[in-house]
Structures are given as structure tokens and as C-alpha cells.
């Protein structure tokens, strides 16, 4: 495995609605990148990215999967993110760590709810975005309609780099207006052959090309001048303009694929390696102190851990991004968040569950280490003398709560440990032991999220659990005064117990006058305060206890205010 | 104080109470701390029940972002949850609804909101205050608590 330099690394998140075909696209990318020789299918349960048992069982991704492809001397790191809103935490992590989002759109349905939700997530984080229209091979796919929908929904920043020659069954050819070539793939996908654009499409190609060049030129004054003078740009200039436009989020390029048939994938990777911004194009991330840390190979070694997961037969795998410097295998680093020392004896590049040991990883790149001593998700590890701490991932607030309980009470403690581990793997799962409610509350992003948690606990940890409605933290109060007395007497042998207490309760509010006279029935009680205790309740509100003497009857009372 | 942690009504925390202890009797030999504790505890419960007690429930401020065409569905759903609409405005082509909803009615709200809106609406919630529960709900809570106490006994 070749070691890639910082400016040869591009980090891309694959996002999109549920079932848009991200995982299938992953398989095609891996095949084209030469990492695997045979593609799996989601239905067959043998894809690289859906490798956990729960993903195989349900047929959709629940956690993000890290993989890479090498193309034209660049290393493209990909994160295959789950599409469902319930697992948005994974997408948020991936988007924060990567620099570009590739939003996969189902060519049969166009803009869906998931497309919009994911678009909003990307927008919030402010990352560059490109669209990948998938399922061009489907008979229900109508490219012009989908493209118009995209432009209507997301504005005219959306610009096509390609249009299909023959969408629908038999789809095997696109006109690429970036290269001004027509690409044709063999029936079962793979490598494209480029040819001149067929005469029938020449006008349309020219029209798309002009639209694209105009958008590209807008991002640079020099390019703009040249474009206005000559009405054209070289391919290099166009790519540079598009890349700058992506950084500013003023261009959302559109490319076409058929992930199922592996058509268009190789050209998509070529385009990505040419126009997707690399780490150095993007604004530098900030530390918790607000210092900017550019991804500089000559800077101090600083590594941010963004994900941990437990894999069968291997144990804990920690994924990291090298924020600065060059991380070498065997490096001794200090964990800034926990204060412990850590030796990264072996560092790997990751492709799903496959890990390849590598000697060094440069700033901007993604890697993984196994069985670290004391590293949690969100920790920063630095070489000696470096003080950076990163914490740039903001997770969405939980939306769905349930009380969780082990069916077998003896497993309660074990369940607690499992839940803590789950929280470390997935920070959007919050665990809370509520003393008041006498329940353990788990909060997640939605019903599916918690159902997946249940599946994992029951199948991986073999603890049978059940969900209950969380109890409601009610409060009680009173609305009028009342009097009572009680005699506690137990003198039937041994040391006896005897006590009698008379008291009055009444509603308390801020700033009420000191107690004076109370009337119950015919009797009137005039109070003389001896002592006053105000006890603020930890759950809000106040308990005020007075130790009083009643003046009307002249005996002295004494009591305990506990 | 002990009794405050487990209110006499539903076993919930009690708050905002003023207690005047004005009288008691002691025995020269047998009076000790635990006796007074127990006596005070029972006296407190008795007085509390006589003092027209009420249950308070947590109410949340909920903010919902939704597309205009499912406004009707969301509104009628809010009514079913004893929710009160506080404010309405529109932003970025979406409607923003602010409402106050008791926590008890909020369970599974994300699921039903996405089924009403086809997954296009989102919401956030934040604790607002404690409010009195309506009489019928209180009666039901008391009954449930009595039953669960009997189960334990």
C-alpha cells in the first residue's frame, strides 16, 4: 500500500435517503478501486460495508463504514453512512471528519424526504456537496425530471456534469460535458470507453457545457475574465473553478451512475479525484481553544479519534483522522483528554473489516488502530509538546426515550456495562440512571435506533431486555392548610419507642408572611416561632419547617424536624 | 423530609410545602429519634391528604418544523395530546409551530409526527414548568398508584 501525501487525500461521505443505493455503490467503488474482486449484494448480506449481524439481518446500514479507493494517484476515503434518520449520528460524525458529501439520489424517485433531510444536515455542517444520481438502469428512471427536481429544490447551484444517452433498461452510455466525451460501458459494467459525442447529442452537450463553464468561472476573477473573453475554459481551468465553487458551496455538481450494474462508477471516481476539494483546500479545523490547525505534514503529530467499534475476533477498533503531522507506526502519544500514554504499535488503513498495516499516515488521512489501552471516541492524541484538543462534532439532541430493563434481574449490572459501551460506540445514544423514576432511561434518535440497540444487546451480549414507557416525574403539592397529629408507640418489650408529633402543613410560595394564626374548626392556634429551617429540594421547590410554640395553650412543644 | 421523596399521593417527589411543627409528647425513657421520625412521617402524610393535595406534571415547550400541507394533521394530533399552541410562524418554506405539551403525552411523538408528515417534520423539546394535572388524570394516577402499592404488599 502506497503512502499518500496530504494533498493526495480526499475524504468523502456517501449520504442519502434510505435505500438510495449507497451500500451498493460502495461495492462498485471497491470493485473499481481494485480492493475487492467480486461484488456483494445487500440482499445477499455479503457487502463490505454492512458487515455487522444486525445490518445483514435488517438489510440496511446502521453504522458508517470506512473504506477507500485509489484513483489517478489520489486516495479517496469514503464513509458509507446509514440513510435512515434514526442513525443520523453516524452521518454527522462522518460529515465532520470528511470534507465533501456525495448525496446519492434514487433515480426512480427523485428528491425524497431522506434527500432533503440529508441535504439539511450537510448544510448545517457547511460542507461541500455533490449529487450522485443512481439507478439509471431502472425503467422508471427519468433523468430530466430528477434533474429538474434537484434544481427546483436546491436551487440553480445544482449543475450536471453528465447526462444519459439512454436512461432506463439497457443504460450504458453518458455524455460527459466536463471532458466533452461520450462514455460507453460494456453490458455488465466496468471500464468505460470514451468516444466523441454522437451528433444527435452535440447541441445538448454544448448547452450543458456552457452552463457548467459559466458556473465554474464565477468563482475566480481570472477565470471569469477569460471566460468572458474567449467564451471557453480549458479542462484544467474548469476543474479548478468547480473545486473552488464546491469549497464555497456555490456549485453542487451532479454525476450519474448505475451502482447495480457498475456503470459510471469508474468515471465518477475520476471526476471525484479531479474536482473534490482535498484537505488543504478546506478551512482549517479549530481546536477547543479556537486555534486553527491546518493539515500540515510538517506540523506536530495530532490524531483525533472519531469512532470506536467492537468487531468479533478482533476486539475494539478505533478509527482516527490524522489532523496534523505524519503519524508513524510505533509512535508514543499522549491522550490529551484522559492524560494517559498510548503506543500505537500498529496503524492500518481500513476498508470495511479489512485492515492493512501501513508505516505512516499523513495529515488529513484516515486510519484505524486495534486494541488500544485507553482511547475513547472523541479523544485527541498528540506527540510530546503538542497541546491541541479537538472536539468539533455536535450531535443532534435525542428524540425518543424508553426505559430499559433486563428481564433477568441478575443481569442488570451487566446491562449497565453494555449500555456504557454502546454509548461510547454511538454517542447519540444517551443512558441515564434516574433515581427519581427508579428506571434506566435510554434516549436515541427514533424507534428504529432503539430497536437496533435491543437487537444488538439480545444477540451479541445475550441479555434479554424489554422496553417500557418511561415513568413521568410527577410532583405533588397541596392547596390548603391542614393539621394532623400522630403518636408512634411501640413499648411491647425491649427498648421501647414513643413519639408524638402534631403539625400543620400549608402550601408554600416565595415571599409569604411568617406563620401567625391558624384556625381549624373552633380552635385557634397562635404560633410563636422558635426556629426555622428552609430546605431547598433537589428536584425544585422548597420545604420550610418551623419549630413553634402554640401560645393559646400554654404548654411547650418540642419536636423533630426530619 | 423522608416523606417528601415519596409523596403520599403517587409516590412522586413533593414540593412547595411549609410545615409548622407545634406540639408533641415524649416519654422519659422510650423517646428516641426514630420514634419522632416515624411519628412525623405519618402526621405529615395524614395532613397532606387533608390539605387538598394536587399532582403536578412536567410540561415541555415543543418546537415543530413542518411542511405547510401537514399542518392540519399536526394540529389535531396536538389537541389529542392536551397540547396548547403558543405560536406559529413560517421560515425557509417550512411552518414553525410552538406548543406546550405535557410530557406524559409526548411518548413516541417522533414516531407519530413522522407518520403524519411522511418523515418531513422535525421537532425539539425543552422542559418548561410544572403544571397542575386535570382532575380526571389525577384520579387515574391515584388509582394506578394504589394498585401498584397493593401489588408490592
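The values are calculated or read from the model by the stated rules, or taken from the named source; none is laboratory data. Worth saying up front: this structure is predicted, and the values here are computed from it rather than measured. Neighbour counts run over all protein chains shown; Cβ positions are idealised from the backbone, glycine included.
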Checklist outcome for this item: Just one listed residue, out of A:433, A:439, A:401, is touching a residue at least 40 places away in the same chain (Cβ under 8 Å) and touching a strand residue (DSSP E or B) at 6+ places or on another chain (Cβ under 7 Å), and it is A:401
Checklist outcome for this item: For the range B:44-60, the count of residues that are more than 7 Å from chain A (Cβ to nearest Cβ), surrounded by fewer than 18 Cβ atoms within 10 Å (Cβ to Cβ) and under 18 Å from the mean Cα position of the chain (by Cα) equals 0
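This table checks each residue for (1) within 16 Å of residue A:212 (Cα to Cα); (2) touching a strand residue (DSSP E or B) at 6+ places or on another chain (Cβ under 8 Å).
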position: A:154; (1), (2): no, yes
position: A:177; (1), (2): yes, yes
position: A:183; (1), (2): no, yes
position: A:191; (1), (2): no, no
Item to check | Looking only at the range B:73-116, and only at residues there that are touching a helix residue (DSSP H, G or I) at 6+ places or on another chain (Cβ under 6 Å), in a helix (DSSP H, G or I) and within 14 Å of chain A (Cβ to nearest Cβ), the one that is surrounded by the fewest Cβ atoms within 10 Å (Cβ to Cβ) | outcome: B:111
Checklist entry - For the range B:1-13, does any single residue satisfy the condition of being at pLDDT 65 or above, within 7 Å of chain A (Cβ to nearest Cβ), buried (at least 19 other Cβ atoms within 10 Å of the Cβ) and in a strand (DSSP E or B)? => result no
Item to check | Looking only at the range B:61-72, and only at residues there that are under 25 Å from residue A:471 (Cα atoms) and out of contact with any helix residue (DSSP H, G or I) (no Cβ under 7 Å at 6 or more places or on another chain), the one that is surrounded by the most Cβ atoms within 10 Å (Cβ to Cβ) | outcome: B:62
Checklist entry - Based on what the data block shows, is residue A:468 modelled with pLDDT of 85 or more and either surrounded by fewer than 15 Cβ atoms within 10 Å (Cβ to Cβ) or away from every other protein chain (no Cβ under 14 Å) (or both)? => result no
Next on the checklist: Looking at the range A:133-142, can you tell me whether even one residue there is buried (at least 21 other Cβ atoms within 10 Å of the Cβ), out of contact with any strand residue (DSSP E or B) (no Cβ under 7 Å at 6 or more places or on another chain) and touching a residue at least 24 places away in the same chain (Cβ under 8 Å)?
Outcome noted: yes
Checklist entry - Would a scan of the range A:210-217 turn up a residue that is modelled with pLDDT of 85 or more, assigned by TED's automatic domain parsing to the domain that holds residue A:116, surrounded by fewer than 21 Cβ atoms within 10 Å (Cβ to Cβ) and part of a helix (DSSP H, G or I)? => result no
Checklist entry - Hey, among A:321, A:261, A:355, which residue is under 21 Å from residue A:94 (Cβ atoms) and in contact (Cβ under 8 Å) with a residue 60 or more places away in the chain? => result A:321
Item to check | From A:521, A:541, residue being facing chain B (nearest Cβ under 8 Å), closer than 21 Å to residue B:53 by Cβ and modelled with pLDDT under 65 | outcome: A:541
Checklist entry - Which one of these is assigned to a loop (DSSP other than H, G, I, E, B) and under 24 Å from residue A:263 (Cβ atoms): A:36, A:29? => result A:36
